[in-house]
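Asker: If you scroll down you'll find the structure; I have some questions about it.
The values are calculated or read from the model by the stated rules, or taken from the named source; none is laboratory data. Because the structure is a prediction, the values reported are computed rather than measured. All Cβ positions, glycine included, derive from the backbone under ideal geometry; neighbour counts span all protein chains shown.
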Amino acid sequence: MRREVLWLLVSGLMALSLVLPACAPAAPPTPTAPVAPPTPAAPTAPAAPTTPTTEKPQQEAVKPAAEAPKYGGTINLVTNTDVQYIDTIFHTVASIIISPVNEELWGGDWTQGPAGGSGTNKTDWAGNYNLWHLNTGVMAESSTWTVDEAKNQGIIVYKIRPGIHYALDPKSEASRLVNGREFTPEDVIFHIKRVLTDPRAYIGRSNPELKTAEITKSAPWEVTVKVPLDALITAIDRFGDSMQFVPPEVVNKYGGQENWRNVVGTGPFILSEYVGGSTVVLNKNPNYWQKDPIGPGKGNQLPYLDTIRYLIVPDASTRQAALRTGKIDQITGIDWEDAVQIKKLAPALKEITGPGGGMLSLAMRTDTVPLADIRVRRAMLMATDFETIHKSIAEGKGKRLTRPSSYEQGYEDLYIDIDAPDMPESARENFTYNPEKAKQLLKEAGYPNGFKTTVLATSAQVDDLSIYKSMWAKVGIDLTIDVKDTGIYNSLVNSRQHPALLAVSGNPNGVFHTQPSFTGTSSTNRVIVDDPFINEKMAEVRRVAVTVGLAEAIKMTREVTKRELELALEIPGPGGLSSRFWWPWLKNYGGETSVGYFNGYWQKWVWIDQDLKKSMGY
């Protein structure tokens with residue numbers, strides 16, 4: 001439906017001629033190539049639906065007699081893509097397999113979000129946040145850091161929590177190998193060294209400044225990490241809330257847990273079954289260590305659920321039909337137009353709506369001709385009618401986006417709205433539709449008749465890119481959309497062989513201090529910019545974050561963002577609204593998606609009211 005709205009913008013403007021090689025599956029780009037799982041045995045879980053099911057008439061929810069937590073039952077969820085990461089070293093992004101199984105040293109504090117109506121609501125936990133003041137100890141009871149200016153060194157001390165045991169699954173050879181033993185400081189040291197030395201490890205490749213880290217056992221239940229001072233903030237994030245631990249025995253015998261059958265962790269659930277492209281089944285870890293920290297179940301043993309079942313369903317309409325018919329209990333990432341229809345067809349569903357993250361942004365390579373000329377980059381922005389695009393999506397109720405930060409609760413000071421009082425006038429002009437000024441700038445840059453350029457993209461981005469193509473044609477910019485499958489896309493990006501324009505997804509605000517889009521020499525700096533002001537200020541931000549505090553560092557980063565917007569480095573994608581839906585029988589849930597930085601394990605705090613579900617006809 002979003003597609004239909006967008007096409008209304010360009011219908012009748014021009015006949016689109018796109019260069020489209022073989023189109024890939026509609027999966028968003030990821031920084032590293034996915035690891036293909038081995039072919040599993042025949043599935044025992046039900047296969048994902050392929051066609052919408054007949055929908056039952058909606059019945060009003062009958063309020064249960066008590067809201068006390070209830071143990072047991074299965075939560076049915078859905079994801080649009082197959083599992084891309086099984087071993088935790090391949091990315092900081094925890095998959096639906098990793099999050100419930102392999103835990104980290106610290107993470108988001110469930111009590112600081114909605115927490116079923118019992119939390120503080122200091123954040124909504126609806127993004128991949130890493131707000132230190134809203135974090136809490138997980139496998140480490142505490143994480144503290146100090147600064148030694150004389151040695152130009154940062155020191156982190158982790159007090160490891162005793163009494164945490166790896167889950168023991170008698171059916172798993174890898175689990176029997178670990179034998180349910182206690183998690184130890186030696187495990188922490190082993191895994192940190194692994195992610196810094198294994199050439200496949202994402203953290204080692206993306207953060208080479210951490211490779212000189214000194215990791216030692218400094219007390220019976222204590223691990224100390226020493227890093228260069230400039231790398232301290234990255235170490236706090238990466239070693240604390242971006243690293244899920246795998247037992248050394250699994251690494252030593254199997255090379256890791258690339259095979260799903262070798263997945264072993266300390267988390268609330270055990271991976272019981274993975275059928276590629278179909279289902280993921282996780283069962284309760286009966287020996288999990290954590291208690292419920294808040295609400296009517298405070299002090300109860302977690303988790304409440306017996307089973308998590310994920311259906312892997314690429315088709316959006318099928319996913320939405322599964323929700324409406326009660327085949328799944330919760331869904332996220334629903335565009336405004338689809339959300340309107342869901343509410344009409346299933347009014348009993350609960351919903352939370354917030355700003356959409358934008359379908360894409362276009363990174364402009366500053367080391368290529370003609371985009372090395374800021375006048376050309378500014379012209380491309382001015383040739384884009386952001387206001388018309390904005391009004392066409394969600395009736396203009398969303399946000400007009402800027403870059404590189406999105407608007408999220410807890411990171412409000414990072415985001416600079418186009419109409420913000422402190423937005424520099426030169427940057428505001430970049431986002432104001434002015435095709436005549438765009439033509440003038442192109443003429444001054446030596447392109448009076450425009451120029452030809454190419455954007456690298458995946459098939460999911462073609463519709464939005466077609467809007468830009470038609471608008472830019474008015475000022476003589478001829479855009480070719482080069483569609484590649486995800487693997488080829490990733491390879492070209494990682495090797496910096498992508499063309500002048502690149503359709504990208506944004507970086508999470510949780511790594512704001514590194515400004516990965518606009519600093520450094522890794523592939524995350526896709527515009528390939530090396531600006532002294534940005535580099536120097538962000539180095540200062542990293543020091544301030546660990547000496548003064550995160551709030552002050554965020555305010556300083558806002559000043560850097562103004563510079564980035566003036567330089568016209570990226571073209572933001574369309575905004576809009578995004579909704580999360582869930583059925584009333586999913587209890588203790590308030591729309592959370594990630595409790596901390598890519599910690600998608602909110603399922604350990606929720607329960608299913610099976611009596612309510614039955615009373616509603618499901």
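Asker: Consider Lys452 carefully, then state whether it is closer than 27 Å to Val369 by Cα, basic (Lys, Arg) and outside any loop (DSSP other than H, G, I, E, B).
Answerer: Details: closer than 27 Å to Val369 by Cα: yes; basic (Lys, Arg): yes; outside any loop (DSSP other than H, G, I, E, B): yes.
So Lys452 passes the test.
Asker: Further question on the same structure: Provide a single number: the residues in segment 452-486 that are touching a strand residue (DSSP E or B) at 6+ places or on another chain (Cβ under 7 Å) and either under 30 Å from Thr81 (Cβ atoms) or buried (at least 20 other Cβ atoms within 10 Å of the Cβ) (or both).
Answerer: 20
Asker: Might you let me know whether segment 392-400 holds any residue that is surrounded by fewer than 20 Cβ atoms within 10 Å (Cβ to Cβ), in the same structural domain as Gly591 (by TED's automatic domain parsing) and small (Gly, Ala, Ser)?
Answerer: There is no residue in segment 392-400 that is surrounded by fewer than 20 Cβ atoms within 10 Å (Cβ to Cβ), in the same structural domain as Gly591 (by TED's automatic domain parsing) and small (Gly, Ala, Ser).
Asker: Report every pair of residues separated by at least 6 positions or lying on different chains whose Cβ atoms are under 7 Å apart, first residue within segment 529-546 and in contact (Cβ under 8 Å) with a residue 60 or more places away in the chain, second not in a helix (DSSP H, G or I).
Answerer: Val529/Thr366; Val529/Phe518; Val529/Leu569; Val546/Trp145; Val546/Val147; Val546/Gly154
Asker: Of (1) closer than 22 Å to Leu502 by Cα; (2) buried (at least 18 other Cβ atoms within 10 Å of the Cβ); (3) of a type outside the set (A, V, I, L, M), Arg563 satisfies all except one. Which?
Answerer: Of (1) closer than 22 Å to Leu502 by Cα; (2) buried (at least 18 other Cβ atoms within 10 Å of the Cβ); (3) of a type outside the set (A, V, I, L, M), only one is false for Arg563: (2).
A quick yes/no check of all residues on (1) at pLDDT 95 or above; (2) outside the structural domain of Gln112 (by TED's automatic domain parsing); (3) closer than 29 Å to Thr521 by Cβ:
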position	(1), (2), (3)
Trp125	yes, no, no
Asp148	yes, no, yes
Ser175	yes, no, no
Asn179	yes, no, no
Gly204	no, no, yes
Thr216	yes, no, no
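Asker: Right, Asp82: closer than 12 Å to Ser594 by Cα and assigned to a loop (DSSP other than H, G, I, E, B) or not? Don't jump to the end; show me each part of the working.
Answerer: On the way: closer than 12 Å to Ser594 by Cα: no; assigned to a loop (DSSP other than H, G, I, E, B): yes.
Considered against the rule, which asks whether it is closer than 12 Å to Ser594 by Cα and assigned to a loop (DSSP other than H, G, I, E, B), Asp82 comes out as no.
Asker: Taking Ile418 as the residue in question, decide whether it is crowded, with 22+ Cβ neighbours inside 10 Å and either in a helix (DSSP H, G or I) or not small (Gly, Ala, Ser) (or both). Break it down stepwise before answering.
Answerer: Values: crowded, with 22+ Cβ neighbours inside 10 Å: no; either in a helix (DSSP H, G or I) or not small (Gly, Ala, Ser) (or both): yes.
In short, no.
Asker: Which of the following residues is over 30 Å from Phe512 (Cα atoms) and not in a strand (DSSP E or B): Asn252, Asn283?
Answerer: Working: Asn283 fails: not in a strand (DSSP E or B).
Selected residue: Asn252, the only one of Asn252, Asn283 that is over 30 Å from Phe512 (Cα atoms) and not in a strand (DSSP E or B).
Asker: Out of all the residues in segment 458-477, is one or more within 20 Å of the chain's Cα centre (by Cα), closer than 30 Å to Asn135 by Cβ and assigned to a loop (DSSP other than H, G, I, E, B)?
Answerer: No, every residue in segment 458-477 fails to be within 20 Å of the chain's Cα centre (by Cα), closer than 30 Å to Asn135 by Cβ and assigned to a loop (DSSP other than H, G, I, E, B).
Asker: Which of the residues that make up segment 171-190 are more than 17 Å from Tyr288 (Cα to Cα) and among the aromatic types (Phe, Trp, Tyr)?
Answerer: Phe190
Asker: Now a separate question. Please enumerate the residues belonging to segment 558-570 that are under 20 Å from Thr366 (Cβ atoms) and in contact (Cβ under 8 Å) with a residue 60 or more places away in the chain.
Answerer: From segment 558-570, those under 20 Å from Thr366 (Cβ atoms) are 560-570; that's our starting set.
Within segment 558-570, Thr561, Lys562, Glu564, Leu565, Glu566, Leu567, Ala568, Leu569, Glu570 qualify.
Asker: Let me ask another. Has segment 364-383 got at least one residue that is touching a residue at least 24 places away in the same chain (Cβ under 8 Å), in a strand (DSSP E or B) and under 25 Å from Leu401 (Cα atoms)?
Answerer: Filtering segment 364-383 down to residues touching a residue at least 24 places away in the same chain (Cβ under 8 Å) leaves 364-368, 370-371, 373-383.
From the residues that got through so far, the ones that are in a strand (DSSP E or B) too are 364.
Okay, now just the ones that are also under 25 Å from Leu401 (Cα atoms), so 364.
Yes: segment 364-383 contains one or more residues that are touching a residue at least 24 places away in the same chain (Cβ under 8 Å), in a strand (DSSP E or B) and under 25 Å from Leu401 (Cα atoms).
Asker: Same structure again: Tell me whether segment 136-151 contains one or more residues that are within 30 Å of Glu67 (Cβ to Cβ) and surrounded by fewer than 21 Cβ atoms within 10 Å (Cβ to Cβ).
Answerer: First, the residues of segment 136-151 that are within 30 Å of Glu67 (Cβ to Cβ): 136-138.
Now restrict to residues that are surrounded by fewer than 21 Cβ atoms within 10 Å (Cβ to Cβ): 136-137.
The answer is yes; a qualifying residue exists.
Asker: Out of segment 166-203, which residues are more than 19 Å from Pro100 (Cα to Cα), part of a loop (DSSP other than H, G, I, E, B) and of a type in the set (Lys, Arg)?
Answerer: If the condition is that a residue be more than 19 Å from Pro100 (Cα to Cα), part of a loop (DSSP other than H, G, I, E, B) and of a type in the set (Lys, Arg), then Arg200 is the only one that fits.
Asker: List the helices (runs of 4 or more DSSP H) inside segment 518-618, counting only whole elements, that have at least 2 residues being aliphatic (A, V, I, L, M) and in contact with a helix residue (DSSP H, G or I) (Cβ under 6 Å, 6 or more places away or on another chain).
Answerer: Working: elements: 532-547, 550-566, 610-615.
Here the list reads 532-547, 550-566.
Asker: Given (1) outside any helix (DSSP H, G or I); (2) at pLDDT 95 or above; (3) within 19 Å of Phe431 (Cβ to Cβ), identify the lone condition not met by Pro347.
Answerer: (3)
Asker: Being at pLDDT 95 or above, charged (D, E, K, R) and in the same structural domain as Ala500 (by TED's automatic domain parsing) narrows it down to one of Arg403, Arg365, so name that one. Show your work before the answer.
Answerer: Details: Arg403 fails: at pLDDT 95 or above.
None of the other options fit; the residue is Arg365.
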